[in-house]
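*Asks:* Before anything else, here's the structure in question.
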Amino acid sequence: MERRSRRGDPAAKVHLKLYLTNLAMQQTASIARSCDAVESSIRSMPELPEVETTRRGITPHATGARVRVMRVYDSRLRWPVPADLPARIAGRRIDRVDRRSKYLLFRLGEDTLLIHLGMTGSLRAFRDLPPRVAHDHVDLELDSGVTLRYHDPRRFGAILWVTGAAEGHPLLAALGPEPFDAAFDADHFWRKTRSRSAAIKLALMDNHLVVGVGNIYANEALFRAGIRPTIAARRLSRPRLARLVMEVRATLTDAIAKGGSTLRDYVDSAGEPGYFQLEYFVYGREGEPCRICGARIKTVRLGGRATSYCPTCQR
Ligand SMILES: [Zn+2]
């Protein structure tokens, strides 16, 4: 991973892709297990709204700023932080910070710093940098006077350097449309699910179909759409899928709005920035009464993940 400079070399790209695929396969099982453990313990795994809130929080301090120095205290993230990254990035100007799925993309001229928060990562902004605590792995000191500090207890996140267009990077190239893109609509959803006997919740969490709908918001959007998570995707009519598309957007919009209300304190804030809790309808509420009808919320496992629904409201 550290030698991304061979960007024109197709063999290197294929090699990298295989490397990433193998790593992903090895790690998927343990990640699924760890995800539920993390969710049940802290319930704050960064999903799309948290990443978007982080992006909005750091944008005013990062855009137009130059990197003074990058300090890597521990490079052992999901993939190692490239050893030559501090040298490459020093003095470079951050043109803007974008988001694709759950990746933060720092655009520096032609190149991109790609950051993923994994399961427990956070990127905080400090004007007065406090002493490092455990799991503070990387500091990115900017000439705006702000330092971005990457903190990640489980180290499933990633900090990578992409030479050239980031969209072609193996981690991003195969991603489906963003939930707010016009390309994610009922027709797209309907076409992509006609041959799927898998449960609709698994389809919704499939990054090839739509990105950034993680376990929490898949559970919540399905509740709001009145769709049982276990139903085969291909059995859903176009109008029901249209409703689901709408509810996915509404659920994420609500969460992003909630995150936005925390932005005032983004710099030098004491808590975990971008982390917030909605009043969930079903997520994490097994055995509790449905907020709409009072029936007990049921939990089953789908694809290894906790899946909660109301047996009355969701059909
Ligand atoms: Zn109900």
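The values are calculated or read from the model by the stated rules, or taken from the named source; none is laboratory data. Since this is a predicted model, take the numbers as computed values, not measurements. Heads up, the Cβs are rebuilt from the backbone with ideal geometry, glycines too, and the neighbour counts pull from every protein chain shown.
*Asks:* Filter region 92-127 down to the residues that are of a type in the set (Ser, Thr, Tyr) and within 27 Å of LEU209 (Cβ to Cβ), then identify the one that is farthest from the chain's Cα centre (by Cα).
*Replies:* Across region 92-127, the extreme among qualifying residues is THR112.
*Asks:* Next question, about the same structure. Across region 280-296, which residue is modelled with the lowest pLDDT among those that are touching a Lys or Arg at 6+ places or on another chain (Cβ under 8 Å) and more than 8 Å from the ligand (Cβ to nearest atom)?
*Replies:* Checked region 280-296; the qualifying residue modelled with the lowest pLDDT is GLY284.
*Asks:* Just to check your reading of the model, which residue among ASP139, ASP206 is assigned by TED's automatic domain parsing to the domain that holds ALA62 and either buried (at least 21 other Cβ atoms within 10 Å of the Cβ) or among the acidic types (Asp, Glu) (or both)?
*Replies:* Within the list ASP139, ASP206, the selection yields ASP139.
*Asks:* Can you tell me which residues in region 284-315 are among the hydroxyl-bearing types (Ser, Thr, Tyr) and under 21 Å from LEU236 (Cβ atoms)?
*Replies:* Scanning region 284-315 gives THR307, SER308, TYR309, THR312.
*Asks:* Which one is nearest to the ligand (Cβ to nearest atom) among residues in region 301-313 that are surrounded by 15 or more Cβ atoms within 10 Å (Cβ to Cβ) and assigned to a strand (DSSP E or B)?
*Replies:* TYR309
*Asks:* Another question, if that's okay. So which residues in region 117-142 are within 19 Å of VAL67 (Cβ to Cβ) and part of a strand (DSSP E or B)?
*Replies:* LEU123, ARG124, ALA125, PHE126, ASP136, HIS137, VAL138, ASP139, LEU140, GLU141, LEU142
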